[in-house]
Amino acid sequence: MNVIKLDHPHQAIEKLIGNMEKVLVGKKQTIDLSIVALLARGHVLLEDVPGVGKTLLVRSLARSIGGSFKRLQFTPDLLPTDVTGVSIFNQKTMEFEFRPGPIFANVILADEINRTSPKTQSALLEAMEEHSVTVDGVTYRLNEPFFVMATQNPLEYEGTFPLPEAQLDRFLLQLHLGYPTLEEEMKILTRFTSDNPLDKLEPVITAEELYALQHQVAAVKVSESIKEYIVRLCQKTREHLNVYLGVSPRGALALYRAAQALAFVRGRDFVIPDDVKELVPVTFQHRIILKPEARLEGATIERLVAGVLAETRVPIG
């Protein structure tokens, strides 16, 4: 895909945010962070209880982008080929032909990803990391831009398979929607009384414009002191006495790219320490595994991440 030049990138982002807010009530921070992941060419894991709007968030984002959209409903009997595609023998040509799966789209909704088997979950690994899939020894490039937003219900619900660490590490951010406030829920009832506002949502940005924005994000400046700050934060998670598995170098790169995208969304061409601090919880929480004894003593990842932020010196300037 050719990269076009966008003269007013911040206006395009504001239009995208405003369009999604026509559907979602009181979720601006989650909308902003979803767009941050999209611009950073990362992926999002949405974990929350059923019925709080996870699927609605993904659908509103997909509708706002003028690209292709596919939904994958993950179930225990879903096969890897149901995701990637399959080679079928054509009796007329006497050759095998590849039939692309739903993964060949710009925006993928992987709904209830933890309800399918680890074998099928792993079918997403290559696609999310390398933007390609390999079937029968042949590698096929995916469409650009390519964005996966997966939803899952908390693991205490029956019939779920925990995502392996390698799969979790592929997600740039893990987000939670949470229950709305009283006022927000009243607005939801009013907004959805007559019809679904999602049905009237129109694209406000094309796939080509989004691709251009992603390239502009990569040019956002990150000072050496900010880079060192990111690395120190990651290293502290690996050295912590309560941590079995800390943030990987892939996690450090995820925080770096997300900080660039957040600065871009906020209208800046450089990253400041507050960008990094805001993103640490949603970038780190799904990449850290506590030791069993630490969990028994009541340690939580949220408190650990807060402690790491408090203990790490913030760069000046």
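The values are calculated or read from the model by the stated rules, or taken from the named source; none is laboratory data. These figures come from a predicted structure and were not determined experimentally. Quick reminder, even Gly has a Cβ in these numbers, built from the backbone with ideal geometry, and neighbours come from all protein chains shown.
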Yes or no: Leu198 touching a helix residue (DSSP H, G or I) at 6+ places or on another chain (Cβ under 9 Å) and surrounded by fewer than 18 Cβ atoms within 10 Å (Cβ to Cβ)?
yes
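Only one residue in Glu183, Glu224, Glu158 is of a type in the set (D, E, K, R) and modelled with pLDDT under 90. Which one? Please lay out each step first, then the result.
On the way: Glu183 fails: modelled with pLDDT under 90; Glu224 fails: modelled with pLDDT under 90.
When all the criteria are applied, what remains is Glu158.
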Among the strands (runs of 3 or more DSSP E) lying completely within the stretch 92-199, list those that include at least 1 residues that are touching a residue at least 60 places away in the same chain (Cβ under 8 Å) and either closer than 26 Å to Val52 by Cβ or under 22 Å from the mean Cα position of the chain (by Cα) (or both).
147-152, 173-175
What number of residues in the stretch 34-56 are farther than 17 Å from Phe74 by Cβ and either among the aromatic types (Phe, Trp, Tyr) or not in a loop (DSSP other than H, G, I, E, B) (or both)?
7
How many of the residues making up the stretch 248-271 are at pLDDT 95 or above and part of a loop (DSSP other than H, G, I, E, B)?
1
Would you point out which residue out of Arg250, Arg268 is surrounded by fewer than 22 Cβ atoms within 10 Å (Cβ to Cβ), under 24 Å from Leu142 (Cβ atoms) and not assigned by TED's automatic domain parsing to the domain that holds Leu38?
Arg250
Consider Lys28 against the criteria (1) within 23 Å of Arg268 (Cβ to Cβ); (2) of a type in the set (Lys, Arg); (3) buried (at least 16 other Cβ atoms within 10 Å of the Cβ): it satisfies all of them except one. Which criterion is unmet?
(3)
Looking at Phe96, Phe69, Phe104, which is the one that is modelled with pLDDT of 90 or more and among the aromatic types (Phe, Trp, Tyr)?
Phe104
What residue, of Asp82, Asp77, is outside any helix (DSSP H, G or I) and more than 30 Å from Ala252 (Cα to Cα)?
Asp77
